[in-house]
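Undergrad: I am attaching a structure below and will ask some questions about it afterwards.
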Amino acid sequence: MDQELTPRQIVAELDRYVVGQHEAKRAVAIALRNRYRRRRLPPELRDEVAPKNILMIGPTGVGKTEIARRLSRLANAPFIKVEATKFTEVGYVGRDVESIIRDLVETAVRMVKLARMEKVRDRAERLAEERLLAALCPSGQAQAYNPFSALLGMSSDRPMADTDTHDDASAERRKQTRETLREQLRTGELEDRFIEIELEDDGSPMFDVFHASGMEEMGVNLKDLFSQILPRRKRKRKLTVAQARRQLIQEESQKLIDHEDAVSEAIFLAEQSGIVFIDEIDKIAAKGQGVGPDVSREGVQRDILPIVEGSTINTKYGPVRTDHILFIAAGAFHVVKPSDLIPELQGRFPIRVELESLTKDDFYRILLEPHNALVKQYAALLATEGIALEFADDAIRALAAMAEQVNTHAENIGARRLHTIMEKLLGDISFNAPDATEKCVVITEAYVHEKLRSLVQDQDLSRYIL
Ligand SMILES: Nc1ncnc2c1ncn2[C@@H]1O[C@H](COP(=O)(O)OP(=O)(O)OP(=O)(O)O)[C@@H](O)[C@H]1O
Ligand SMILES: [Mg+2]
């Protein structure tokens, strides 16, 4: 857990997907590293160090959400991203902001359980194999699945006391069959064979009704409650060996972990290292003293305030303190300014970073460099049709220039413009790909101009089409 990335490494990881925006990357990298530093402080001091929440400000389509998305993979901590617009003031129909924390804890629980299940995976695999064998050669009570002998590596098909009358020879034969089957299971020969296995039913759909109707807000999960009271139902299912193995490993590893302990670790993790990314925060800021819908927006801000400031939220796993959760908020702030947020909330986001508008050069790099760069995506998609798609360097420069041009004279939608432009550029090739006889396509500057120049130059057209 403590082999965490340094700020420099975090920035380097973000660089693989997000071009430029160095200041924002630095800020989140420092904030992330500070969590790690804080964990190493003596307890008295640790409680005093509050996280420095970040507000990312920048025009639309320059990478705010993208940074958050990539960060979630890096942060070795429970992380959730929410849209501020999804919440409504307490008392109105819709999700209240406390559900953010409930979701964060849920993420933490899943994280911890997955990690623990991974640790017992070897044992779970062995247990699953025994159950697969039992399903593959079911015969008599002697085959009864015995998890303990499986665990100890003993053969579970040794006749039990009351089956001693069994014919020794047939027992021996069965044992051999079993070992052959085990061999075949391991070499993967049986993957597609159908077998019937008995799995635990994971809750009946009946209780999901409550979930949908907002009963989760009570902080109690009826489904869990009932599943503790009622005995777990078993359900027979017909699956291929491959599917069955997955499910059995899942079930066995669930049984091997200590759920209560996992939950308390998860709550600790969420409280100490949790990160909440609130996107589109500008959408809940209201300009001036408004009436009508604005009242409710301000209400959402007011509801968020105690959570950001530190309070205790009840979740179905127990109370969770939010004092040390890191909040990163982002918004375009086109119409409103950060100063239009209620003052208390502004104060809770002391670190402000501005993301810059993207230039022609940025567009060029965005098209080409990120791991998921558009040029790579289109090439990969067309490769599935047997077409090799290549871009000449000057073609990419031309595309970048056009994106910038359209962004200046139509609306500035940042790198999202590249998506519309590329789609337009490659529409014909994409459409004809399955029937194309020419298997190698090179996009040249001339082709880019042919397809796009008239659109780009006609301002009215580009407003609609690009
Ligand atoms: N700096 C960048 N580097 C690489 N790709 C980028 C960059 N900025 C934006 N993109 C791409 O553009 C698209 C939109 O970016 P993103 O969702 O991050 O915008 P945003 O800043 O959150 O805008 P909004 O304020 O509208 O939410 C994404 O597909 C992303 O991959
Ligand atoms: Mg966004």
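The values are calculated or read from the model by the stated rules, or taken from the named source; none is laboratory data. Keep in mind it's a predicted model, so treat the numbers as computed, not measured. Glycine also receives a Cβ, built like all others from the backbone with ideal geometry; neighbour counts cover every protein chain displayed. What goes into the accessible areas is simple: the full protein's heavy atoms, side chains included, and nothing from ligands, DNA or RNA. Shrake-Rupley method; radii C 1.70, N 1.55, O 1.52, S 1.80 Å.
Undergrad: Given a 1.4 angstrom probe, I'd like the percentage of the accessible area of segment 314-376 that is carbon and sulfur, rounded to a whole number.
TA: On the way: 1470 of 2850 Å².
Ligands and nucleic acids excluded, carbon and sulfur reach 51 percent.
Undergrad: How about residue 376: which lysines have a C-alpha closer than 21 Å to its C-alpha, ignoring those fewer than 8 places off in the same chain?
TA: Answer for residue 376, where 21 Å is the Cα cut-off: 360, 424, 439, 451, listed by chain and number.
Undergrad: Sticking with this one: Using a 10 Å cut-off on Cβ atoms, rank the peptides 237-247, 269-279 from the highest mean neighbour count down. Spell out each step's value before the answer.
TA: Details: 237-247: 16.4, 269-279: 23.6.
Descending mean neighbour count gives 269-279, 237-247.
Undergrad: With θ taken as phi - 60° and the coefficients 6.51, -1.76 and 1.60, list the Karplus ³J(HN,Hα) couplings across segment 42-50 in order, rounded to whole Hz; mark glycine and proline as x.
TA: These are the phi-based 3J(HN,Hα) values: x, x, 4, 6, 4, 5, 7, 7, 8 Hz.
Undergrad: Among 79-87, 126-134, how do they line up from the highest to the lowest mean number of other beta-carbon atoms within 10 Å?
TA: My ranking of the peptides, most packed first, is 126-134, 79-87.
Undergrad: So what is Rg over Rh here for segment 397-464, counting just Cα atoms and using Kirkwood for Rh? Numbers along the way, then the final one.
TA: Values: Rg = 12.9 Å, Rh = 12.7 Å.
Here the Rg-to-Rh quotient is 1.01.
Undergrad: Any lysines with Cα under 19 Å of the residue 234 Cα? List them, leaving off those in the same chain fewer than 8 positions away.
TA: Cross-link targets: 223, 255.
Undergrad: Just to confirm my numbers, what's the Cα centroid distance between segment 181-200 and segment 303-360 in Å?
TA: Answer, in whole Å: 51.
Undergrad: If you don't mind, there's one more thing I want to ask. Could you list which residues have their amide H under 5 Å from that of residue 81, counting only those 5 or more apart in sequence or on another chain, with H placed in the peptide plane?
TA: 277
Undergrad: Tabulate in residue order the Karplus-calculated ³J(HN,Hα) for segment 55-65, using 6.51 cos²θ - 1.76 cosθ + 1.60 with θ = phi - 60°, rounded to whole Hz; enter x for Gly and Pro.
TA: Each residue of segment 55-65 in turn: 10, 9, 10, x, x, 5, x, 10, x, 5, 5 Hz.
Undergrad: Still on this model: Contour minus end-to-end for residue 376 and residue 261, with contour as 0.36 nm per residue of separation and end-to-end as the Cα-Cα distance? Write down the numbers at each step before the final one.
TA: Details: separation 115, 0.36 × 115 = 41.40 nm, distance 4.46 nm.
Extending this stretch completely gives an extra 36.9 nm.
Undergrad: Determine, for each peptide in 435-447, 252-264, the mean count of other beta carbons within 10 angstrom over its residues, then list the peptides with the highest first.
TA: Ranked by mean Cβ neighbours within 10 Å, highest first: 252-264, 435-447.
Undergrad: At what distance in nm do the modelled label points of residue 254 and residue 34 sit from each other, each positioned 7 Å from its Cα along Cα→Cβ?
TA: 4.0 nm
Undergrad: Additional query: Along segment 71-87, what does the Karplus equation 6.51 cos²θ - 1.76 cosθ + 1.60 (θ = phi - 60°) give for ³J(HN,Hα), rounded to whole Hz, x for Gly and Pro?
TA: Result, rounded to whole Hz: 4, 4, 6, 7, 5, 7, 7, x, 9, 9, 10, 10, 9, 4, 5, 7, 9.
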